[in-house]
Structures are given as structure tokens and as C-alpha cells.
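Peer 1: Handing you a structure now.
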Amino acid sequence: MAELIRFGFIPGLSIIHRLDPRVKLFLIAGVSICSLISGPIGLILAAILVAAVFPMAGMQITAIIRAIRFLLLLLFLIPFFRGLSTPGESLFCYQSICISREGVIAGAILSSRLLIIVVLGLVLTATTRTSQIRWAVEWFLRPIPFLPHQKIGTMIGLLVRFIPVVLNHAREISAAQICRGIENRKNPFYRTVSLCMPLFRKIIVTADRLAMAMEARCYGDLKTCRVCRISTKDLIVLGLVLLICLMMLIV
Amino acid sequence: MVQGKKLFMGIVFIQKVEQDLISMTTDGSLRKLVFASLMAALIAVGAYIAIPMWPVPIVMQNLFVLLAGLLLGSRWAAASVGVYLLAGACGLPVFAHGGGGLGHLIGPTGGYLFGFVPCAYIVGFVSERSNQRMMPEVLAMIAASLFVYAAGVPWLKMIYGMSLGKALVAGMYPFLIGDALKIAAAAYIARRIRPLVNEFGLKRSKIVS
């Protein structure tokens with residue numbers, strides 16, 4: 001089902017792949033927040049950082065553009081709409097509708113902020129396995145009281161595991177129905193219902209089996225966790241990126 | 001002395017594990033957890049089936065959020081949507097067009113995503129108390145869908161800097177017909193799926209215990 005999930009984990013041995021997932025998650029959240037607050041010069045710094053990270057992560061520009069093309073369109077429209085709605089020095093006029101310069105600049109800054117955050121998210125997706133992300137989330141949620149971090153971690157793991165299951169079941173059922181001549185029925189409502197109902201039945205049975213298997217294997221909250229140590233390399237990267245964040249905020 | 005202490009700690013740990021296992025497997029919370037994860041996965045699959053429309057794509061997410069509320073009840077439905085958002089925020093590819101990351105949550109359509117949490121909670125809250133009657137549930141679903149827009153439209157307005165009227169035209173009116181269809185579909189599916197869920201999933205462990 002790789003065609004539906006256009007952007008997933010890309011195996012590799014780069015420095016970003018080998019970073020501790022907690023450090024990665026923390027840094028990406030940090031840079032995202034800083035680029036929301038910082039001014040234009042800080043944004044250029046963040047853009048340089050992102051451009052430096054790209055080749056290391058082993059991603060291709062075309063793949064990224066294909067993955068976020070729709071969001072990209074949305075982001076390109078922000079300056080246009082900001083220009084329409086903000087009063088100021090007019091840049092371009094058509095009859096009585098004017099696009100103001102201030103609005104376009106403000107919109108461009110906002111959309112480049114969002115673009116940096118989106119691309120950083122893609123870097124994380126491309127270089128971190130699901131299990132690592134899950135573990136890092138669990139680790140970050142641990143100090144928060146009244147929040148069952150193990151359950152949340154398990155749910156994230158199960159969520160990612162269930163997506164291909166659902167898609168595969170849907171494909172199987174639609175193939176089986178095509179074999180039996182569902183194409184002859186022209187009514188789209190009938191076809192949707194006859195696809196959905198067996199699909200729901202099947203995935204509920206699958207979920208039930210999974211729950212039973214987990215019960216049989218004595219699943220509980222107090223399971224042993226994986227152990228991961230923060231190395232010197234992680235600390236160096238942490239320090240460097242935090243320095244860049246600080247510079248972004250000051251400039 | 002130290003060994004005795006270690007042994008004692010070991011016994012305490014085993015007792016904790018036992019209590020934990022008994023509570024999780026007999027009160028059906030493990031089963032609910034698995035089903036909540038399943039609904040979260042369905043929401044993610046619903047996000048992949050997106051019809052690109054400007055500025056907010058038509059997605060099947062709403063349908064599955066409503067369905068999560070109807071099938072899981074308030075708390076687990078909200079947990080299911082919350083975990084979905086958390087997984088997306090941490091960069092797992094679960095949002096529209098297989099995207100992920102904080103950018104989607106902060107981006108133009110982020111408000112709708114946050115609006116799903118109260119939406120699922122309200123539907124679940126009503127369906128727990130309405131004894132599975134159709135009418136209150138449909139009303140709850142209509143109210144809950146309005147909550148999604150109450151979060152999504154001001155967000156869209158803020159990011160694009162549009163007027164409220166324009167934001168409504170771009171981010172709410174085109175979807176109302178689709179929402180009515182989704183609500184009808186959710187009510188229909190829930191009616192047919194519920195016996196199955198009760199048989200296979202959420203009630204079985206209660207019978208055993």
C-alpha cells in the first residue's frame with residue numbers, strides 16, 4: 001500500500017538516522033516553534049538549516065514536492081489572500097481590487113514559516129522508524145501525571161499497524177467483488193454499501209483477534225521498555241541546533 | 001539485607017504486574033484500547049481518501065470521527081482522535097495525502113483537526129446516554145459537526161486574513177451537503193455495525209468476567 005502513503009521511512013545510515021529519536025523530536029519541535037516566533041533573518045537561518053539537513057536524510061526534492069504538493073498550493077495562496085485583505089501601498093490593481101505590498105510580504109513570511117515546519121516534519125518521518133517515534137513520545141509523556149503514557153504509546157503503535165491492514169482488506173474485498181461482477185451494478189450507493197459492510201465486519205474481526213492475542217500474551221502497562229542512551233554525538237547536535245535556535249530568536 | 005530488600009521489591013513488582021493484568025483484561029480496557037486504535041487508523045485512512053478542493057479538501061475523516069463517537073463512547077472516542085492528532089504531530093504520515101508533522105496542525109486546515117476532538121467527545125457523550133436511539137444521535141452529530149467548523153473556520157480566517165463571510169464561504173458552506181451525507185452514512189453504519197461490535201468486541205470481556 002506504499003502508493004497511498006507517499007512519504008514514509010527511508011532506511012539509511014546518515015547522522016540524522018542515527019540520532020536519538022528523543023533528541024530529534026525535541027529539536028524539530030524547538031526549531032518549529034522558533035521559526036514561528038522569529039523574524040525574516042531568523043527564517044533564512046532556519047531555511048539554511050533545513051537545506052543542510054536534506055542531503056543527509058537521503059530525500060529527493062521531487063519526492064518531497066510530490067508528497068506535499070497540495071499543501072504547497074495552499075501555502076502559495078496565503079500571500080495572495082493576505083495582499084487582498086490588508087490595506088497598504090498597492091502592488092497590483094485590477095479594477096477596484098488591489099493587492100497590497102505589506103499584505104504580500106506578511107503572507108510570504110507566514111507561508112515560509114509553515115513550509116519550514118512542514119519540511120522538518122518530513123525529515124523526521126523519513127529518518128525515524130515508527131517504533132522509535134512511539135518510544136520517544138512515550139518517554140516525553142512519562143513525567144506528565146494522570147496520563148497513561150504506555151497506553152498512548154501502544155495506541156500509536158497499533159494505529160500505524162492497522163492502516164495497512166484496513167487498506168489491504170479493502171483491496172481484497174473490492175477485488176473479490178470485481179471477480180463476482182459488481183461492475184454490472186451501476187448504482188454507486190449499492191456498490192459502496194456492499195464494499196463497506198464486509199470491510200467493517202472484517203476489520204472488527206481482525207481487531208478482536210488482535211485483542212485476544214494480546215490478552216493471551218498477558219499484555220499490560222508494566223512491560224519492559226527499550227533502553228536508549230544519549231551519546232556525545234547527540235549532545236553535540238543538540239547544542240549546535242539549540243545555538244541556531246537562539247540565534248534565530250535574537251536576530 | 002540488600003538482597004532481602006531486592007526480593008521484596010521484586011514481589012511488589014510482580015503484584016503490581018498481576019493487578020495491572022487483571023484490571024486490563026477483565027474490565028475490557030485492552031479491547032477498548034485496540035478498538036480505539038482501530039478507529040484512529042480508520043480516521044487516518046479517511047484522510048487519505050481526500051478530494052482536493054480549495055482551500056479545504058473534502059475528506060472522509062469526519063465520517064470516521066463521528067463513527068468513533070458512536071461506537072466507542074465519549075472518553076475512548078476523544079482518546080482515539082487525540083492519539084491520531086498526537087501521532088500526526090510527531091511526524092507519522094496520517095494526515096491528508098499521507099502527510100504528517102506539526103506543520104499540518106499549525107497550517108491552514110489545522111483548526112478542523114483540533115475540532116475533531118470535541119466532535120468525537122460530544123457524539124460519544126450523547127450516544128452513551130441515548131440508549132442507541134437514532135434521533136438524539138443524529139442531533140448530536142449535527143451539533144458536533146458545527147463544533148468542527150467553530151474551530152476550523154476562525155483558524156482559516158486567521159491564517160488567510162480573510163473576512164468572516166469569505167472564510168465561511170471557503171471553509172464551511174461547500175461542505176454542508178457532504179456533512180449531511182456523512183451523518184446519514186454514520187448513523188446507518190453504526191446501526192448495522194453495533195451488534196457486531198457488541199458481539200465481538202466491547203462487551204465480550206464483561207460477560208467473561
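The values are calculated or read from the model by the stated rules, or taken from the named source; none is laboratory data. Just so it is clear, the structure is predicted and the values come from calculations on it, not from any experiment. Cβ sites come from the backbone with ideal geometry, for glycine too, and all protein chains shown count toward neighbours.
Peer 1: Determine which member of the set B:A167, B:A186 is at pLDDT below 85, part of a helix (DSSP H, G or I) and surrounded by 21 or more Cβ atoms within 10 Å (Cβ to Cβ). Lay out the reasoning, then the answer.
Peer 2: On the way: B:A186 fails: at pLDDT below 85.
Result: B:A167 is the single residue among B:A167, B:A186 that is at pLDDT below 85, part of a helix (DSSP H, G or I) and surrounded by 21 or more Cβ atoms within 10 Å (Cβ to Cβ).
Peer 1: Sticking with this one: Name every residue in region A:50-92 that is touching a Phe, Trp or Tyr at 6+ places or on another chain (Cβ under 7 Å) and in contact (Cβ under 8 Å) with a residue 60 or more places away in the chain, in order of residue number.
Peer 2: A:A67 - this is the single residue of region A:50-92 that is touching a Phe, Trp or Tyr at 6+ places or on another chain (Cβ under 7 Å) and in contact (Cβ under 8 Å) with a residue 60 or more places away in the chain.
Peer 1: I've got another one for you. Across region A:72-91, what is the total count of residues that are within 31 Å of the chain's Cα centre (by Cα), surrounded by fewer than 19 Cβ atoms within 10 Å (Cβ to Cβ) and among the β-branched types (V, I, T)?
Peer 2: Here the count works out to 0.
Peer 1: Here is a further query. Does A:F200 meet the test of being within 12 Å of chain B (Cβ to nearest Cβ) and more than 25 Å from B:F35 (Cβ to Cβ)?
Peer 2: no
Peer 1: Under 9 Å between Cβ atoms, at least 6 apart or on separate chains: pull out the pairs that start in region A:206-221 with a residue that is more than 8 Å from every other protein chain (Cβ to nearest Cβ) and end on any residue that is charged (D, E, K, R) and surrounded by 19 or more Cβ atoms within 10 Å (Cβ to Cβ).
Peer 2: From region A:206-221, the pairs are A:M212/B:R31.
Peer 1: Return the total of residues in region A:36-60 being farther than 28 Å from A:S131 by Cβ and assigned to a helix (DSSP H, G or I).
Peer 2: If we filter region A:36-60 for residues that are farther than 28 Å from A:S131 by Cβ, which is where we start, we get A:36-48, A:51.
Okay, now just the ones that are also assigned to a helix (DSSP H, G or I), so A:36-37, A:40-48, A:51.
Here the count works out to 12.
Peer 1: Only one of these conditions is not met by A:I97: (1) within 11 Å of chain B (Cβ to nearest Cβ); (2) without any contact (Cβ under 8 Å) to a residue 24 or more places away in the chain; (3) over 18 Å from B:L33 (Cα atoms). Which number is it?
Peer 2: (1)
Peer 1: Here's something else I'd like to know. Kindly list the number of the only condition in (1) closer than 23 Å to A:T130 by Cα; (2) without any contact (Cβ under 8 Å) to a residue 40 or more places away in the chain; (3) crowded, with 16+ Cβ neighbours inside 10 Å that fails for A:I173.
Peer 2: That leaves (1) as the condition not met.
Peer 1: Give region B:125-142 a look and list any residue that's assigned to a helix (DSSP H, G or I) and loosely packed, with under 14 Cβ neighbours inside 10 Å, or say none. Reasoning before the result, please.
Peer 2: Keep residues of region B:125-142 that are assigned to a helix (DSSP H, G or I), which gives B:125-129, B:134-142.
The answer is B:R129, B:M134, B:M135, B:L139, B:I142.
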